[in-house]
Each structure stands twice: as C-alpha cells, then as structure tokens.
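These notes concern the structure reproduced below.
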Amino acid sequence: MTISVVVADDQPLVRAGIVMLLNAQADIKVLAEASDGYGAVEQARSRHPDVVLMDVRMPGMDGVTATRILTEDNPHPREDHLTKVLVLTTFNDDDAVYGALRAGASGFLLKHAAPQDLVAAVRRVAAGEAWIDPGIAGKVITALAELPHPSQGAPDRVGRLTPREREVLVLIAHGLSNHEIKDQLVLSEATVKTHVSRVVMKTGSRDRSQAVALAYQSGLVVARPTPPRDR
C-alpha cells in the first residue's frame, strides 16, 4: 500500500528536499505541494492524502490553524480514511508544539531530524499512531505530568473534540478496546488509533486513562450506580 502525502512548507528549497526524500521511498508518493496553510487545506480537500506534512510557521494561514481545520473537517469523502497531520518546524517552540497537538496533529518533528526519522514518522502517522520528535518528547511528557487534575476545565477540554472523537472517548470510557471500537463503528484499526491519539492530544491528557477520567469529570459519561448486593 502506497502512503500519499501533501507537503506544505513556505521555503521552496526545503520543500523540494522533502519531496525528493519522500518520493525516493517505494511506499510513499507526494501528491501535491503547498506554500502556506490555505494551500495545504485546499490540496488536502482536493487530493485526499493519507498524511499532510505541515510546516508550523507559514505566511497567511499558519500550520496550526490549517491543522485544526483539517482535523475538524475531515477532507476525505470516506469517514474511514482520515487525513493525518505531521507537523514539521525548525523551532523547538513550546507554544508551537502544544498548539499543534491541541489542534489535532498526529505528530511533531523538528526539521533538523535525520532523514530516516522523517520517513519513519510519515509511516507511523499514516498507520494511525503518534510521533513526537525525541528532541522534545521529554518536555512534552513533563508538561503533561504538570497538568491540573482532569476535573479542572474538563468541559472545555472535551469541547475541543469533534462529535466522532467524543463518541470514541465514550466507548473508551466504557472499556472498549481499539479492536472493539473498530467493529462497533465499522472503522479501520488505523482510523480508530488516529481518533484515540487525537482525543488524548487535544484534551491534554497524559494517556488513555486520564482521557477516560476526563470523560467522567466532564459529564460526557455518567457512571452507573452499582446495584446493591443481595443479602
């Protein structure tokens, strides 16, 4: 299976190098290029790629805004084919990192990463998994560990999710595995993984378990009372 990609970067030389690297892979094909967020959204909506490789800082519409648009309005005509966003930047910038993840990006890669890491990140994100550049992974983990209790701001954090993401969160909270969610919603496992990843990232949860706690704290899921035991 070939992974289709749209590359969005405002620097022509950088963009050309990325396109050349990706097209050299037997299992990856670049469908289109864009020089700003508007172009990235337009190309994603018309070409329906598996992955959009998105620069954060571009003129006009930036990469974070474009990511939010694409993850809230799936550009692919089939719901079971989500376009994932892998954010790419030269900046080890906390605001850019957290903004991109809250917007629904599936991964974050620094531009000075090794070429093999870029290729690996594209493949991982296309498979529905997350990718955080090793250079910033520690900072992200530390920031998540310092988040307040899930009950604080819970409704607002759940409010960042799309209707489908909220539905997936409810099923997670009810104890369903990815495989069970796949069968219930008639989705591919990669699509379910992407939804789960976005739920965790967009709500600022440390992991799947904290996302479940958030679902209850926000009132999205209501715990059923335990029936009294027979005496």
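The values are calculated or read from the model by the stated rules, or taken from the named source; none is laboratory data. Keep in mind it's a predicted model, so treat the numbers as computed, not measured. We place every Cβ from the backbone using ideal geometry, glycine too, and count neighbours over all the protein chains shown.
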Among the listed residues G138, G219, G128, G204, which satisfies the condition of being farther than 26 Å from D73 by Cα and either at pLDDT 75 or above or in a helix (DSSP H, G or I) (or both)?
-> G138
Strands (runs of 3 or more DSSP E) wholly in segment 3-98 with at least 2 residues that are among the small types (G, A, S) - which ones?
-> 3-8, 28-34
Across segment 5-35, what is the total count of residues that are among the hydrophobic types (A, V, I, L, M, F, W, C) and under 21 Å from the mean Cα position of the chain (by Cα)?
-> 11
State yes or no: is G104 more than 23 Å from S35 (Cα to Cα), modelled with pLDDT of 75 or more and buried (at least 20 other Cβ atoms within 10 Å of the Cβ)?
-> no
Looking at segment 148-158, is at least one residue among the small types (G, A, S), at pLDDT 90 or above and either out of contact with any helix residue (DSSP H, G or I) (no Cβ under 9 Å at 6 or more places or on another chain) or part of a helix (DSSP H, G or I) (or both)?
-> no
Considering only segment 1-14, state which residues are at pLDDT below 95 and surrounded by 19 or more Cβ atoms within 10 Å (Cβ to Cβ).
-> none
Is there a residue being more than 21 Å from E129 (Cβ to Cβ), outside the structural domain of T162 (by TED's automatic domain parsing) and touching a residue at least 60 places away in the same chain (Cβ under 8 Å) anywhere in segment 7-18?
-> yes
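Does segment 94-102 include one or more residues that are among the β-branched types (V, I, T) and either in the same structural domain as T191 (by TED's automatic domain parsing) or touching a residue at least 60 places away in the same chain (Cβ under 8 Å) (or both)?
no
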Return yes or no: is R164 at pLDDT below 90, outside the structural domain of F108 (by TED's automatic domain parsing), within 21 Å of L214 (Cα to Cα) and of a type in the set (K, R)?
-> no
Only one of (1) more than 17 Å from T162 (Cα to Cα); (2) of a type in the set (D, E, K, R); (3) at pLDDT 85 or above does not apply to R198, and that is (1)
